[in-house]
Amino acid sequence: MVYSFDVFDTLITRSTVTPTGIFAVMQRLMGDNGELDGFVKNHFYELRIGAEQVARNTYCRQGIEDVTLEQIYSVLVNGHKISPSQAVYLQSLERQTEIDYVYGIPQNIARLKGLVENHQKVLLISDMYLDADTIRKMLIKADPVFEEIPLYVSSDIEKKNKYSGNLFRLVKEKEHLEYHDWIHFGDNVHSDFEVPKSLGISCELYLPEQLQDIEKNYFKNGDSDAGKQLMLGAVKLARLRGEKNNAYILGCTIGGPMLCPYVKWLLEDCVKRGIQRLYFIARDGYILKEIADIWIRQENLPVFTRYIYGSRKAWRIPDTENLKNEITAIFEGAYKDRIFGLSDMADFFQVEEQALKEFLPEKLCDKQLVWNIPVVTIVLNSLLNHPDFLNQLCHIYDSKRKLLIEYLQQEVDVHDDKFAFVDLAGTGLTQEFLAKALGCFYKGKVKNYFYRLDQINNGICDYYVFYPNFIPHYVLLEMLCRAPHEQTIGYQKAESGDVLPVFSNVDAQAIINHQVPQFIEGAKQFAGIYEKVLNKNREFSGVINCILPYLNYIYNESDEILLDYFGDMPDMLTGREKQVMLYGPKLSDKEIKKIFWYRENVAPEYFYRGSSLKYSLLRCSGKQKRKIEQYKKFYHSPWGKFCRKTYTCFCGKSDFRTANVFDCIRQNIIIYGAGKVGQRFYRQITGKDKVNGIRYSSSVVLWVDRNYQEYQSEGMPVASPSEVIKHDYQQLIIAIAKKETADNIRKYLLELGVREEKIFWLRQ
């Protein structure tokens, strides 16, 4: 039995995404050649493709079925585009570029080598304008096994090709073969399958790597772009070398192309700045460090890397000297719309629920009461005005901060300023807290690398930002950077004296099950290949113009593979989750009905178990999408209102109730203000008037107003504000509409001796 193999895209392939991509690379490489005409240098890609077409029309006659490289360039010479000497230069450049940018296809080479080792007769057959010597060099670069295997090329003396079948006939004659003892293996449906099969040759068709839909969308009209050609070519090569599961493929396809340009840039930048030590911050920094280490080894860069365990939760520890302001700053960036009750607020402050209960009204501790943002804000301000609560926080945060500082001293080398931290995206707030902790033993400015940053402030940190563009779906970048370990929530002292990270123990197994490690391997495979491709010529750099098209495609297109991978990605959005949350999970019909039909006066996040409702909606079936449109259309109709009222009566009471400001009022109170707002509040809090169908019944210890005599004359039980100090009470409610007036009253009450934590301004 004889076995023959096609060569291009079967045994070897180029590191460009298409064969003509080599011409785009050549166009970039010839940029400094002063002898070539500017028109030729700027339009070589189109000229080279056109010259081959004309050459075939000119020379393929009277049984001649292919052309040579010399004949192709003769078209440009005869058309007075280039000189004969320039034609020699360009032919040499093309041959060398083909050799430089060739890669083997591992699984097919392995099959060929197995046949050779079993002493089977193997032949190589190719339709190609390149000469056999150049093709041989390309093959040997891929693997030495090709050094002695017979090679038949359509551009040789006989000028016969596979397309017509004549090259197979020529090989049969020269090798003295019989068609029925012959098996051919190749990738072209016509030339490698239909034609040889018609001759009686057994055939096997190899399906080469194809562009994914996201790549087709990006590559449109970009075939002459060398950067796109090489980037997508590296993706193709990476996909050829690893597992055939979706996670690995997406790591090659999306993870590598979107993250490698950032890593390449930051490595080049830190070398330029003399930065010698890079600290990659968990968890986003895990895959970034893996890629960086590949490139540092391959390029022998003078850069040391270290992975450092940290997170918003572990590092955003307020300084007790500026406690209120720093907690408020953390609160603003801490997904306050995801705080629904006592448990969530306790997690935010990093205290036990029981420790928080004693500082809150009993009603707010009800597990079935859902806090909204106004209530959350009221609770926060109330707690931050309570000295006993602040003292507890100081004790907790001091111990956490001490461990953080010890951990940083243990992990970060600050003997000089030649170090920087590497992160992915954010506001920079976490780095500000990190810098303050480092300030205990390092007095310089802390340097930070970011893929993107929401804002850049001049402060105690320096920020070097790779992509200072507005990225509407930047959270998807974080989906690319999942690490195969849990979130860091703090630190603890080991018996050895080392400070070790403490993990959340929530999503590690879910991340493994989601095949994140395979995704990382795909990105690393791309990184290793891409670095070699770029290293051939320093003129090429990482392609960044894929970032927005890729993100927009992932977020807006109904690509099932992408939707499933990103939608089902474990996502610790707030860092406070106690169970696995997915980024954009599929919605059940019941969830859709609760979110779009029954939900009233509560954020959709309360019913939604993911991070991105919009992404979940992309995953809905056509039937579900039509149902959602119906819900939206009739939501405010009488029928919609009736359904929600019925649901609340029969289901809602056992499900949840949305909190309001009255749930923040304690039992024994003093009311300050007897105007319209004060009178309405008095009726509501004493149960005379209902609030959203609920009757409250706090005990009013005292009702005061500066115009108390006027109100007494009207028969109202209003006293002088000076009476406040004579009574015991839990809260003093300022029932005044204007904030400025309320602030002045607060100052007066403080001067009177009222404790700040008891003063509460009712916003109505």
Note down all Cβ pairs under 9 Å where the first residue falls in segment 496-518 and is farther than 25 Å from Asp564 by Cβ, the second is part of a strand (DSSP E or B) and of a type in the set (Phe, Trp, Tyr), and they're at least six residues apart or on different chains.
-> Val499/Tyr491; Leu500/Tyr491; Pro501/Tyr491; Val502/Tyr491
Only one of Lys447, Lys443 that is surrounded by fewer than 17 Cβ atoms within 10 Å (Cβ to Cβ) and not hydrophobic (A, V, I, L, M, F, W, C) = Lys443
Quick one: which residue in Gly222, Gly251, Gly227 is assigned to a helix (DSSP H, G or I), more than 30 Å from Ile512 (Cα to Cα), outside the structural domain of Leu139 (by TED's automatic domain parsing) and not basic (Lys, Arg)?
-> Gly227
Among what's in segment 28-64 and is in a helix (DSSP H, G or I) and of a type in the set (S, T, N, Q), pick the residue that is farthest from the chain's Cα centre (by Cα).
-> Thr58
Could you tell me whether Ala282 is under 22 Å from the mean Cα position of the chain (by Cα) and buried (at least 20 other Cβ atoms within 10 Å of the Cβ)?
-> yes
Sole miss for Asn552 among (1) more than 22 Å from Leu266 (Cβ to Cβ); (2) not in a helix (DSSP H, G or I) is condition (2)
Note down all Cβ pairs under 6 Å where the first residue falls in segment 593-616 and is without any contact (Cβ under 8 Å) to a residue 24 or more places away in the chain, the second is charged (D, E, K, R) and outside any loop (DSSP other than H, G, I, E, B), and they're at least six residues apart or on different chains.
-> Phe607/Lys594
Pick from Leu288, Leu323, Leu301: which is farther than 22 Å from Glu577 by Cβ and not in a helix (DSSP H, G or I)?
-> Leu301
Filter result for Gln62 (polar (S, T, N, Q), farther than 13 Å from Ile12 by Cα and out of contact with any helix residue (DSSP H, G or I) (no Cβ under 9 Å at 6 or more places or on another chain)) = yes
Mind counting the residues in segment 457-474 that are surrounded by 13 or more Cβ atoms within 10 Å (Cβ to Cβ) and under 20 Å from Asp269 (Cα atoms)?
-> 7
In segment 724-741, the residues that are within 47 Å of the chain's Cα centre (by Cα) and exposed (fewer than 14 other Cβ atoms within 10 Å of the Cβ) = Lys738, Lys739, Glu740
Restricting attention to segment 363-380, the residues that are touching a residue at least 24 places away in the same chain (Cβ under 8 Å) and not in a loop (DSSP other than H, G, I, E, B) number exactly 12
Does Phe348 count as part of a loop (DSSP other than H, G, I, E, B), crowded, with 18+ Cβ neighbours inside 10 Å and among the aromatic types (Phe, Trp, Tyr)?
-> no
Count - residues of segment 458-477 that are touching a Lys or Arg at 6+ places or on another chain (Cβ under 9 Å) and either of a type in the set (D, E, K, R) or within 16 Å of His514 (Cβ to Cβ) (or both) = 1
Select from segment 176-204 the residues that are in contact with a Pro (Cβ under 9 Å, 6 or more places away or on another chain) and outside any loop (DSSP other than H, G, I, E, B) and list them in ascending order.
-> Tyr179, Trp182, His184, Gly186, Ser202, Cys203
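The values are calculated or read from the model by the stated rules, or taken from the named source; none is laboratory data. The structure presented is a predicted model; accordingly, all values stated were derived computationally and were not measured. Reconstructed Cβ throughout: ideal geometry from the backbone, glycine too, with neighbour counts over all protein chains shown.
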